[in-house]
Amino acid sequence: MSLPESYLALDASTEKCSVTLVVEGRFHSRECNIPRSHAKVMLPLIQELLNEHGMTLRELSKIVVSRGPGSFTGIRICLSIAQGLAYGSGLPIVSVDSLAALAKYASIAATPHPGLHSILSSSPSRLLIIPALDARMNEIYWSANILENNLIKHISEPTLSSPVDFVAEVSAIISQQAANTPFVGVGHGWEVVTDQIDIIQTKCSAATAFDASILPHAEGAARLVLDEKFGEVSEDGVIEPLYIRNEVAWEKRKRIRPAPQTAPQKDS
Amino acid sequence: MRILGIETSCDETGVAVYDSEQGLLGHRLYSQIKLHSEYGGVVPELASRDHVRKLLPLIEDVLTGTDSKDAIDGVAFTSGPGLIGALLVGACVGRSLAMAWNCPAIGVHHMEGHLLAPLLEDNPPEFPFVALLVSGGHTQLVAVKGIGQYEMLGESLDDAAGEAFDKAAKMLDLDYPGGPNLAKLAEQGDVTRFKFPRPMTDRPGLDFSFSGLKTFTLNTVAEHSLASGLPDDQTCADIAAAFQEAVVDTLVIKCRRALQQTGLKRLIIAGGVSANSRLREKLQQALAKIQSEVFYARHEFCTDNGAMIAFAGCQRLLVGQQDDVVIDVKPRWPLQTLSAV
């Protein structure tokens, strides 16, 4: 048996910002729920945790980050801080997606959430977890996951959908492969479709629970790396954020003269 | 003291290492011009996305190239003014690097960086001097007694001079960034054909206004436009020349006035527009007549760069100023509020 590693996990993919320090298999977390304060609070929270446990960055084995989807700015704050800390301490960065981090967190942090708690405490052999985040502009980031033997398994990758497509696709997933499986929906993406939750509930013959207040958390990311062995390792610190929304309609300029060859030709 | 400098306030990712004993050791710049030219201007979200992709590899490059990987004594990063999302990338990486290296860090005012850039050159100006900060975001005349001792003498009430250049260039359908392209076109133009106004020069004071000049340009372009929507090539060049001459004259008149008003003999010009050759030429002529001197940075340090941030940060870190681990970027940040060194 090797010694249990110590590492740090960071998440700022929503208005919640969280930091988890893993020391000898124990998870210690700090969080802040003030929107637009992530850059201000993240390093102080990290320092507080390190000091409290008498650790330095160089004693860690890696830094885990949620690379999105979620708030573009939040994701970049998180990645930039992870890059600075990791590069400066010679540590690799391990990145996971924030929806998986949310699903994992929901599976371990259900106690204060009665609906979830009653489903999880019945220890179902399989549980369908659909994390969903409000992507604004009337769209939702989501993925589908099965929890089996306490391990998360992706059954669909993170994607971006309109509310109508989201409800249709989730209903299809339940009908096709999980009609008898208890189902939980977590994350504020579910607030966008509150009036359509009954459509989903009718597809599922087992227990269902929804909780929009559970958001991605660094502890979810930290546990995914440990339990599920999720995560992409970057030794050089270069990580591509997972924005999903890449085709944003920024208006391109209209030209009169022909465009130079480096840019695509536009009509006059 | 060896300082890593990081600049990400707009559309250039700049990294440099400056040593207080040995001077500038190395610098690299990644410009996003190609990315934004399709849109005719900087798209903030795309700028932020590119910074987060490019910054760390650029830091690695500069640290390796200057043999400074284990030798950095402090980190300086631009913490304002600028695009908030872009600023955040440089500030977060820079502040976190300093925490990991256990060295001090400082957020630098972007315009102080520009203002001090001429001090990176051989034969730097001595304090006190008047500074003309002239870029796409700023047009300011500042009396500078020392680092951090800034008295605002005048500034633009509307568009910055560089912004006016970019907008006039757009009216002539020139590519982004329009300023340098307009200046290039002006070289082919007849500066006497059109007479553009010199805004706010006929009354006292050191403030600027360039929005009227912009409207004047728009009207001139419209008056001479052909079916294509643009005037013929020579007329475009003549308009560019007249526009540039009007902006340059206005800046020169106010600079001369600022020197006379303060009794100072040295002027520094900094910021993107300070690279304009016509401005440099006419300032030199005008200032020679009043026994004054003009100083500026080499071309690559007129526009945004990491070297000026490393240098400005170094001056403040040397006297013990530093930031704590709370990363606080300021999209707006008045220059006069800085503390003295």
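The values are calculated or read from the model by the stated rules, or taken from the named source; none is laboratory data. Remember, it's a predicted structure, so these values are computed and weren't measured experimentally. Please note: Cβ atoms are built from the backbone with ideal geometry, for glycine as well, and neighbour counts cover all protein chains shown. Please note that ligands, DNA and RNA were not included when accessible areas were found on the heavy atoms of the full protein model with its side chains. Shrake-Rupley method; radii C 1.70, N 1.55, O 1.52, S 1.80 Å.
Out of segment A:228-246, which residues are surrounded by 15 or more Cβ atoms within 10 Å (Cβ to Cβ) and of a type outside the set (Gly, Ala, Ser)? Spell out how you get there, then give the answer.
Quick first cut of segment A:228-246, residues surrounded by 15 or more Cβ atoms within 10 Å (Cβ to Cβ) only: A:228, A:230-231, A:234, A:237-239, A:241-245.
Selection gives A:228, A:230, A:238, A:239, A:241, A:242, A:243, A:244, A:245.
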(request) Identify the residue in segment B:282-334 that is acidic (Asp, Glu) and within 14 Å of chain A (Cβ to nearest Cβ) and, among all such residues, is nearest to residue B:121 (Cα to Cα). (result) B:323
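Considering only segment B:303-325, state which residues are open to solvent by 60 Å² or more (accessible area, probe 1.4 Å) and assigned to a loop (DSSP other than H, G, I, E, B). Break it down stepwise before answering.
Applying the first criterion (open to solvent by 60 Å² or more (accessible area, probe 1.4 Å)) to segment B:303-325 yields B:318-319, B:322, B:324.
Listed by number, the residues that qualify are B:319, B:322, B:324.
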(request) Can you confirm whether segment B:269-278 contains a residue that is free of Cβ contacts under 8 Å to residues at least 24 places away in the same chain, farther than 21 Å from residue B:9 by Cβ, more than 14 Å from chain A (Cβ to nearest Cβ) and of a type in the set (S, T, N, Q)? (result) no
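Looking at segment B:220-245 only, could you name the residues that are among the aliphatic types (A, V, I, L, M) and assigned to a helix (DSSP H, G or I)? Break it down into steps so the answer makes sense when it comes.
Initially, segment B:220-245 is screened for residues among the aliphatic types (A, V, I, L, M), giving B:221-222, B:226-227, B:230, B:237, B:239-242.
If the condition is that a residue be among the aliphatic types (A, V, I, L, M) and assigned to a helix (DSSP H, G or I), then B:221, B:222, B:237, B:239, B:240, B:241, B:242 are the ones that fit.
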(message) Which residue is farthest from the chain's Cα centre (by Cα), if the candidates are limited to segment B:178-190 and must be part of a loop (DSSP other than H, G, I, E, B) and surrounded by fewer than 16 Cβ atoms within 10 Å (Cβ to Cβ)?
(response) B:190
(message) Quick check on this structure: which one of B:175, B:166 is touching a residue at least 12 places away in the same chain (Cβ under 8 Å), assigned to a loop (DSSP other than H, G, I, E, B) and not aromatic (Phe, Trp, Tyr)?
(response) B:175
(message) Which pairs turn up if I take residues in segment A:226-247 that are farther than 11 Å from residue A:95 by Cα and look for partners that are of a type in the set (Ser, Thr, Tyr) and open to solvent by less than 70 Å² (accessible area, probe 1.4 Å) with beta carbon separation below 8 Å, at least 6 apart in sequence or on another chain?
(response) A:244/A:141; A:244/A:159
(request) Scan segment B:326-339 residue by residue and report those that are open to solvent by 50 Å² or more (accessible area, probe 1.4 Å), touching a residue at least 60 places away in the same chain (Cβ under 8 Å) and under 30 Å from residue B:63 (Cα atoms). (result) B:328, B:330, B:331, B:339
(request) Could you list, in sequence order, all residues of segment B:249-279 that are among the hydroxyl-bearing types (Ser, Thr, Tyr) and out of contact with any Cys (no Cβ under 8 Å at 6 or more places or on another chain)? (result) B:250, B:262, B:277
(request) Could you tell me whether any residue of segment B:134-146 is assigned to a strand (DSSP E or B), surrounded by fewer than 19 Cβ atoms within 10 Å (Cβ to Cβ) and free of Cβ contacts under 8 Å to residues at least 24 places away in the same chain? (result) yes
(message) Need a quick list: strands (runs of 3 or more DSSP E) entirely within segment A:150-218 having at least 1 residues that are open to solvent by 50 Å² or more (accessible area, probe 1.4 Å) and under 14 Å from residue A:129 (Cα atoms).
(response) A:151-161, A:208-211
(request) Take residue B:2 and decide whether it is more than 16 Å from residue B:117 (Cα to Cα), within 14 Å of chain A (Cβ to nearest Cβ) and of a type outside the set (Ser, Thr, Tyr). (result) no
(message) Of all residues being surrounded by fewer than 21 Cβ atoms within 10 Å (Cβ to Cβ) and free of Cβ contacts under 8 Å to residues at least 12 places away in the same chain in segment B:44-64, which is nearest to residue B:171 (Cα to Cα)? Just the residue, please.
(response) B:53
(message) Against the definition (in contact with a Phe, Trp or Tyr (Cβ under 9 Å, 6 or more places away or on another chain), assigned to a strand (DSSP E or B) and open to solvent by less than 20 Å² (accessible area, probe 1.4 Å)), how does residue B:154 come out, yes or no?
(response) yes
(request) Within segment A:1-27, track down each residue that is open to solvent by 10 Å² or more (accessible area, probe 1.4 Å) and over 16 Å from the mean Cα position of the chain (by Cα). (result) A:1, A:2, A:3, A:4, A:5, A:6, A:23, A:24, A:25, A:26, A:27
(request) Those residues that are open to solvent by less than 60 Å² (accessible area, probe 1.4 Å), touching a residue at least 24 places away in the same chain (Cβ under 8 Å) and either under 14 Å from residue B:118 (Cβ atoms) or not in a helix (DSSP H, G or I) (or both), I need them from segment B:280-302; list them, please. (result) B:283, B:290, B:292, B:294, B:295, B:297, B:301, B:302
